[in-house]
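**Q** The following block contains the structure, expressed as C-alpha cells.
Nothing in this text is a laboratory measurement; each read-out follows from the coordinates by a stated rule. Treat the numbers as computed from the prediction; the structure is a model and nothing was measured. Counting neighbours? That spans all protein chains shown, and the Cβs are built from the backbone with ideal geometry, glycine included.
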Amino acid sequence: MVTRRRALTIFSAVALNLDGPASAAEYPSGPVTFIVSFPAGGSTDVVVRALAGPLQKQLGKPIVVENRAGAGGVLATGDVAKAAPDGLTLLAAASSLAASPTLVKSLPFDTLRDLQAISLVFRTPLVLVVDPQLPVKSVAELIALLKQKPGQINFGHGGPGSAIQLAAELFQAMTGTQMTGVSYRGAPLALNDVMAGHVALMFADAGSVIGQIAAGTVRPLGVSSTVRVPALPSVPTIDEAGVPGFEAVGWTLICAPSATPAPIIDRLSDELAKAAETPEVQSLIIKLGTIPVHSPSPAELQKFLASEISRWGDLIRRAGVANSL
C-alpha cells in the first residue's frame with residue numbers, strides 16, 4: 001500500500017525529472033541577448049556577432065548583441081549578474097573579468113558567486129611590438145637594452161589592469177627588467193604612439209597589429225601565447241624567444257547569471273560549441289589573429305575562471321597596479 005507521504009515523494013521525484021529536461025527543451029522562450037562588455041568593432045564583438053547567425057538557426061529565436069562598454073567591463077558584468085536567470089541574457093566578457101575582483105575596490109557583484117561560465121569561445125594572444133627605430137630585433141636584444149637602461153624605456157597600455165598592461169608587468173617580473181608604463185584611454189591610442197615613436201613598445205592584440213606589422217610601422221618580437229599565432233606564423237612565441245614559461249593570453253568567455261538552471265547552461269554550452277565550430281566562425285577567429293579553442297565543460301570553466309582571478313590578482317598586487325575604477 002502506498003502511503004500519502006510516499007505518494008508525494010514519488011510525485012515530487014517525477015516532477016523534478018520532468019521539469020529539468022522540459023525547461024531545457026523549451027528554452028529559449030524569447031530572444032537571447034548577448035551583452036558585450038566592450039565597444040563595437042573589437043574581436044569579442046565581431047566574433048559574437050558572427051556566432052549570432054548559426055545560433056539563431058539552432059535555437060529558433062532572435063539573437064541580439066548589445067555593446068555596454070564602461071569601467072573595464074564592470075558595467076556590463078553587473079547588468080548580467082543581476083539579470084533574470086533564464087538564459088535569455090548572457091555576458092560576452094574578455095579576460096579583464098579576471099582582473100576586476102582585485103583591481104576594483106567595490107565591485108557591485110561577486111564574479112564567481114554571481115556568474116556561471118558557459119563557453120570559452122577563443123583565446124587572444126598578444127604581440128610584443130616595438131617602434132622600428134628602437135635598436136632591437138629580438139626579445140633577447142630587448143631584454144639586454146632594458147637592463148642597460150632600467151626605467152628609461154616606456155611601454156604603452158590601455159589603462160590599469162588591462163590585459164596589455166598585465167602582460168608587460170609579467171614580462172618585467174619574469175625578465176628582471178624595469179620599464180615605465182604610459183597609460184592611454186584605450187589600446188589604439190597607445191599603438192598610435194608606438195608607431196609615431198613617442199613610446200618604445202607595447203603588447204597589443206594580435207588582430208589589431210597584423211596590418212601594421214605587414215606595413216612595417218611596428219616590429220614584432222614575439223607573441224604571448226605558448227603556440228604561434230596562425231595569422232603570424234613567422235613570429236616566435238616569447239617562450240621560444242628566451243623567456244621560458246611566459247604566457248599572457250586573453251580570452252572571451254560567455255557567462256550567465258549563476259542561478260540559471262543547469263539544463264539551460266548545458267544546452268547553451270552545446271549550442272555555442274556547435275556555432276563556434278562552423279567553418280565561417282573558425283575562419284573568422286583565425287583571420288582576427290585569435291586562436292580557436294575547444295571549450296571545456298561549464299564546471300571546468302568555472303574552475304578556470306577562479307584560477308585566472310587568482311593568477312592575475314597576484315600579479316596586480318605584486319606590481320602595485322593602481323585602482324582607478
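**Q** Which residue, I265, T102, I238, has the largest displacement toward the positive end of the dipole of the chain when charges sit on each Cβ (Lys, Arg +1; Asp, Glu -1)?
**A** With unit charges placed on the Cβ atoms, the residue in question is T102.
**Q** Hey, could you pull the Cα Rg and Dmax for the chain, both in Å?
**A** In order Rg, Dmax, the Cα atoms of the chain give 22.1, 90 Å.
**Q** Work out which trypsin sites (Lys or Arg not before Pro) in the chain are exposed loop sites (DSSP not H, G, I, E or B, at most 14 other Cβ within 10 Å) and give the longest gap free of them.
**A** Between exposed loop sites, the widest span is 186-325.
**Q** In the chain, how many lysine pairs have Cα atoms under 18 Å apart, counting only pairs 8 or more places apart or on different chains?
**A** Lysine pairs, 8 or more places apart or on different chains, close enough: 4.
**Q** Could you compute the FRET efficiency for Q58 and A259, with r as their C-beta to C-beta distance and R0 at 25 Å, rounded to 0.05?
**A** Working: r = 24 Å, r/R0 = 0.96.
That pair, Q58 with A259, gives E of 0.55.
**Q** Between K137 and L112, what length in nm is gained on full extension when 0.36 nm per residue of separation is reduced by their alpha carbon distance? Show your work: numbers first, answer last.
**A** Numbers: separation 25, 0.36 × 25 = 9.00 nm, distance 4.20 nm.
So the chain would gain 4.8 nm between K137 and L112.
**Q** If you don't mind, another one. Tell me, what is the Rg over Rh of the range 126-223, with Rh the Kirkwood radius over Cα pairs?
**A** With Rh from the inverse mean 1/r over Cα pairs, Rg/Rh is 0.92.
**Q** For the range 126-223, give me the percentage of DSSP beta bridges that are antiparallel, rounded to the nearest 5 percent. It would help to have the intermediate numbers written out before the result.
**A** Details: 9 of 15 bridges.
Looking only at bridges with both residues in the range 126-223, the antiparallel portion is about 60 percent.
**Q** Take E26 and V293, extend 7 Å from each Cα along the Cα→Cβ direction, and tell me the distance between the two endpoints in nm.
**A** Label at E26, label at V293, 3.4 nm between them.
**Q** Here's a follow-up. Within the chain, which DSSP H helices have Cα atoms that stretch 24 Å or more along the helix axis and a mean Kyte-Doolittle hydropathy of at least -0.5?
**A** Qualifying helices: 4-26, 298-319.
**Q** Highest GNM mean-square fluctuation, the chain, Cα pairs closer than 10 Å: which of A76, A92, A231?
**A** Evaluated over the chain, the most mobile residue of the options is A231.
**Q** Oh, and also: Bin width 5 Å, alpha-carbon pairs only: give the P(r) of the range 185-236 as whole percents, running from 0 to the bin holding the largest distance.
**A** 4, 21, 32, 25, 13, 5, 0
**Q** Roughly how many debye, to the nearest 20, is the charge dipole of the chain about its Cα centre, given +1 on each Lys and Arg Cβ, -1 on each Asp and Glu Cβ, and no other charges?
**A** 380
**Q** Lys/Arg Cβ at +1, Asp/Glu Cβ at -1, dipole of the chain taken about the Cα centre: which of L201, A76, L284 is farthest positive-ward?
**A** The residue sitting farthest along the positive end of the dipole is A76.
**Q** Provide the FRET efficiency to the nearest 0.05 for the Q152-V65 pair, computing r from the beta carbons and using R0 = 56 Å.
**A** In this case the efficiency is close to 0.80.
**Q** Which residues' amide hydrogens lie under 5 Å from the amide hydrogen of I118, considering only partners 5 or more residues apart or on another chain, with H built in the peptide plane?
**A** The answer is I254, C255, A256.
**Q** Taking the dipole about the Cα centre of the range 126-223, with the C-beta of Lys and Arg at +1 and of Asp and Glu at -1, give me whichever of L145, Y184, G222 is farthest to the positive side.
**A** Farthest towards the positive end: L145.
**Q** Report the residues of the range 127-169 in range of a label on E240: point 7 Å along Cα→C-beta, backbone N strictly under 17 Å from it.
**A** 127-129, 137-141
**Q** Let me ask you something else. Would you compute, from DSSP H runs of 4+ residues alone, the mean residue ellipticity of the chain at 222 nm, taking -39500 (n - 2.57) per run and dividing by the full residue count, rounded to the nearest 500?
**A** Mean residue ellipticity at 222 nm (helix-derived): -14000 deg cm²/dmol.
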